[in-house]
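> Structure below; questions to follow.
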Amino acid sequence: MFLEKINSPADLRKIPLEGLPKVAAEIREAMIDTVSRTGGHLASSLGAVEITVALHYCLNTPLDKIVWDVGHQAYAHKILTERKDSFPTLRQYQGLTGFPSKDESVYDTFTTGHSSTAVSLALGLAVSRDLQQENYKVVAVIGDGSLSGGLCFEGLNNAGHLKKDMLVVLNTNELSIAPNVGALSTYLNKFISLPIYNRFKDSLENFVKSRMPKGSRVIKLANRFEEGLKGLFIPGMFFEELGFRYFGPFDGHNLNDLIPVIRKIINIKGPLVLHAVTKKGKGYPPAENNPVKFHGIGPFDIKTGETFANKDAKKTYTEVFSEKLAGLSAVDKKIIAITAAMPEGTGLDKFRDLYPARFFDVGIAEEHAVCFAAGLAKAGLKPVIAIYSTFLQRSYDQIAEEIALQELPVVICLDRAGIVGEDGATHQGIFDIAYLRSIPNLTIMSPKDADELEEMLEFSFGLGRPVAIRYPKSSTPLIRLPFYHLELGKAEKLKGGKDFALIAFGSMVGPSLDAVELLEAKGLSGTLINARFVKPLDEKLLQEIGAEFDFIFTAEEGVLDGGFGSAVMEAINKPVVRLGLPSEFICCGKREVLLEKYGLTKEGIAKKISAVLKNNG
């Protein structure tokens, strides 16, 4: 067992080269064992094991900096960087996060969870290093998905212009992007990565420039010959045009190729791209055969790869959305569905399979998704965008400028709104109420249950204006109360009482109803309002509540700063006790654990209301 002797990258570097494949195999075993119990992003991390081993073997980390794009592939990095023994706590409350975290380890240069940022971050480190005359290497690790995000291209463009010393490791696993790694390509890249070749190339350029006034033409011809030769075999022309030197593609699972080439090129001046081709799920057949399923998976049986399903579970909000949209789209041929690389996660895979001509997956490009939808709507179609709340943050400007300002009928469905859980700080969807409610012309609503989500979706297509619907990562509750059909900006009164008023929004209606019933058992009666809308608010009803009650409470699954409770308080101009989430980045942990921590369960809500009433006589 090699892994039991490795507690840091320094220990890894003591292992002979021929022992590293065994290290990689042991890392895979540790990852599969842990993720089978905790859930997590397994396929990507399995595919990046050898890249991770090679980088830590060749670099002097943590002095040298590795920036992981997203961090889906960083589990091996965690195991090798002093977190092997705590790795079984992955994604658990007060355990290791599922992504790189600056607060967790000095080896995690940044906390990363959103795609396409690594090149820009790494360039900032490289520029800072040079300005401060420091000496360390900078490496950004990106995937083929990163390249679908505009920010990645912005970083590549600037890095190629500034000519700073940095290495971008491009890990691709799609055959459409990377061709087969053939013998001739491997030989050619081994040759152009040799230090003697690059010293000769640089010396020749310097000689020609100093001795020949028009020598730049000769250099251009030589460069074009090299680029043309490489272009016959390798897909590096794009990066070369951006100002990078390109090396690859290499077999990303062959440490006998990766380690020598990294050692050869790491001291070459200027921006470099090392292209490695890997297989998602490498080393675990169920993940190799179904990498989409194992991209993000819950606990599973290692022998079969099957997840442990809850047979009694109710439908999730995502499933309700998926089925209702499919039904509406069978009738209305103008409905178009858009996702940003998450068809399965958002439930749009059902729409994709039924109506492929009307489905568009734009890749990890949320800004483009919103702009694209605006163009569709302007031309008379009815686009619906399904994006996780945390990722919609990236398209704030497009929501304001391209949709709301133009008053275009685009329906934005924010999946995973509120507490997401195990994915942690970068993925909690807790800011959307606050950042969306300031945008003019935008209607914002949230359902209390499955029936209300279905009606809100159908209602939105008939409004002819921009709409955002937010719903959580959870199963839908069963609320046995009369259902009142939607009217724009109208709330519904679910229960009447005299001691207090509780105004709940979306996912907090269910626990608020239970809390009111708990308080009734203690002799306290309250009025419960299902707000339905945060914009526009039911100001008439709110003002009536403000005039009738001295004790008014709000409940929301979002940050309190600028959130739903703030909107209610502004509307009635009266003190309101707001229940919600603090303005902080919330750690990982099961959704129910985090809701309990922040008092957003029926017991927590009842306890808060009871305490306020008791303290005020």
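> List, please: which pairs have Cβ atoms under 6 Å, are six or more places apart or on different chains, and start with a residue in the range 231-256 that is hydroxyl-bearing (Ser, Thr, Tyr) and end with one that is modelled with pLDDT of 85 or more?
TYR246/PHE239; TYR246/GLU240; TYR246/VAL273
Matching residues to (1) of a type in the set (Asp, Glu); (2) assigned to a strand (DSSP E or B); (3) in contact with a Lys or Arg (Cβ under 9 Å, 6 or more places away or on another chain):
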residue	(1), (2), (3)
LEU123	no, no, yes
VAL127	no, no, yes
GLU134	yes, no, no
SER146	no, no, no
LEU156	no, no, no
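Conditions tested, residue by residue: (1) buried (at least 22 other Cβ atoms within 10 Å of the Cβ); (2) under 25 Å from GLY589 (Cα atoms).
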site	(1), (2)
PHE99	yes, yes
LEU123	yes, no
VAL127	no, no
PHE153	no, no
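> What do you reckon, is THR34 more than 18 Å from ASN173 (Cα to Cα), touching a Pro at 6+ places or on another chain (Cβ under 6 Å) and polar (S, T, N, Q)?
yes
Conditions tested, residue by residue: (1) in the same structural domain as THR443 (by TED's automatic domain parsing); (2) under 23 Å from ILE469 (Cβ atoms); (3) crowded, with 24+ Cβ neighbours inside 10 Å; (4) within 30 Å of the chain's Cα centre (by Cα).
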residue: PHE505; (1), (2), (3), (4): no, yes, yes, yes
residue: MET508; (1), (2), (3), (4): no, yes, yes, yes
residue: THR527; (1), (2), (3), (4): no, no, no, no
residue: LYS535; (1), (2), (3), (4): no, yes, no, yes
residue: GLU557; (1), (2), (3), (4): no, yes, yes, yes
residue: CYS588; (1), (2), (3), (4): no, no, yes, yes
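> Ok, one more. Among the listed residues ARG91, ARG28, ARG83, which satisfies the condition of being outside the structural domain of VAL593 (by TED's automatic domain parsing), in contact with a Cys (Cβ under 6 Å, 6 or more places away or on another chain) and within 30 Å of GLU306 (Cβ to Cβ)?
On inspection, the qualifying residue turns out to be ARG91.
> Would you mention how many residues in the range 49-88 are surrounded by fewer than 22 Cβ atoms within 10 Å (Cβ to Cβ), under 23 Å from GLY296 (Cβ atoms) and of a type in the set (A, V, I, L, M, F, W, C)?
1
> Only one of these is out of contact with any Leu (no Cβ under 8 Å at 6 or more places or on another chain), of a type in the set (A, V, I, L, M) and within 28 Å of SER583 (Cβ to Cβ): LEU453, LEU414, LEU392, LEU436. Name it.
Details: LEU414 fails: out of contact with any Leu (no Cβ under 8 Å at 6 or more places or on another chain); LEU392 fails: out of contact with any Leu (no Cβ under 8 Å at 6 or more places or on another chain); LEU436 fails: out of contact with any Leu (no Cβ under 8 Å at 6 or more places or on another chain).
Of the residues listed, the single one that is out of contact with any Leu (no Cβ under 8 Å at 6 or more places or on another chain), of a type in the set (A, V, I, L, M) and within 28 Å of SER583 (Cβ to Cβ) is LEU453.
> Give GLU422, GLU452 a once-over and let me know the one that is touching a Cys at 6+ places or on another chain (Cβ under 7 Å) and either of a type outside the set (S, T, N, Q) or under 29 Å from SER512 (Cβ atoms) (or both).
GLU422
> When you look at LYS540, is it outside the structural domain of LYS448 (by TED's automatic domain parsing), within 22 Å of LYS614 (Cα to Cα), of a type outside the set (S, T, N, Q) and out of contact with any His (no Cβ under 7 Å at 6 or more places or on another chain), yes or no?
no
> Still on this model: Please count how many residues of the range 453-475 are surrounded by 15 or more Cβ atoms within 10 Å (Cβ to Cβ) and within 21 Å of LEU392 (Cβ to Cβ).
Of the residues in that region, 16 qualify.
> If I filter the range 378-399 down to residues being surrounded by fewer than 23 Cβ atoms within 10 Å (Cβ to Cβ) and without any contact (Cβ under 8 Å) to a residue 40 or more places away in the chain, which single residue comes out as nearest to GLY429 (Cα to Cα)?
Checking each candidate, the answer is TYR396.
> Within the range 465-483, track down each residue that is modelled with pLDDT of 95 or more and in a loop (DSSP other than H, G, I, E, B).
Within the range 465-483, ARG465, PRO466, TYR471, PRO472 meet the criteria.
> If you go through the range 263-319, how many residues are within 23 Å of the chain's Cα centre (by Cα) and among the polar types (S, T, N, Q)?
Count: 5.
> Follow-up. Please indicate, with yes or no, whether at least one residue in the range 61-71 is closer than 26 Å to GLY363 by Cα and touching a Pro at 6+ places or on another chain (Cβ under 8 Å).
yes
> Within the range 273-318, how many residues turn out to be crowded, with 16+ Cβ neighbours inside 10 Å, on the phi < 0 side of the Ramachandran plot and in a loop (DSSP other than H, G, I, E, B)?
10
> While we're looking at this one, here's another question. Residues that are in contact with a strand residue (DSSP E or B) (Cβ under 6 Å, 6 or more places away or on another chain), assigned by TED's automatic domain parsing to the domain that holds ALA54 and under 20 Å from ALA76 (Cβ atoms): does the range 278-296 have at least one?
Looking through the range 278-296, at least one residue is in contact with a strand residue (DSSP E or B) (Cβ under 6 Å, 6 or more places away or on another chain), assigned by TED's automatic domain parsing to the domain that holds ALA54 and under 20 Å from ALA76 (Cβ atoms).
> Taking the criterion of being within 22 Å of HIS253 (Cβ to Cβ) and out of contact with any Pro (no Cβ under 9 Å at 6 or more places or on another chain), would at least one residue in the range 92-99 satisfy it?
Scanning the range 92-99 turns up no residue that is within 22 Å of HIS253 (Cβ to Cβ) and out of contact with any Pro (no Cβ under 9 Å at 6 or more places or on another chain).
> Across the range 341-364, what is the number of residues that are surrounded by fewer than 22 Cβ atoms within 10 Å (Cβ to Cβ), in contact (Cβ under 8 Å) with a residue 24 or more places away in the chain and among the aliphatic types (A, V, I, L, M)?
4
> Find all pairs meeting these conditions: Cβ atoms under 7 angstrom apart; at least six residues apart or on different chains; first residue within the range 23-42 and touching a residue at least 40 places away in the same chain (Cβ under 8 Å); second residue acidic (Asp, Glu).
From residues that are touching a residue at least 40 places away in the same chain (Cβ under 8 Å), the pairs are ALA24/GLU50; GLY39/GLU422.
> A follow-up question, please. State all residues of the range 100-124 that are out of contact with any helix residue (DSSP H, G or I) (no Cβ under 6 Å at 6 or more places or on another chain) and within 21 Å of ARG263 (Cβ to Cβ); if no residue qualifies, say none.
The one that is out of contact with any helix residue (DSSP H, G or I) (no Cβ under 6 Å at 6 or more places or on another chain) and within 21 Å of ARG263 (Cβ to Cβ): ALA122.
The values are calculated or read from the model by the stated rules, or taken from the named source; none is laboratory data. Quick caveat, the model's predicted, so the values are computed rather than measured. Cβ coordinates were reconstructed from backbone atoms using ideal geometry, including for glycine residues, and neighbour counts include every protein chain displayed.
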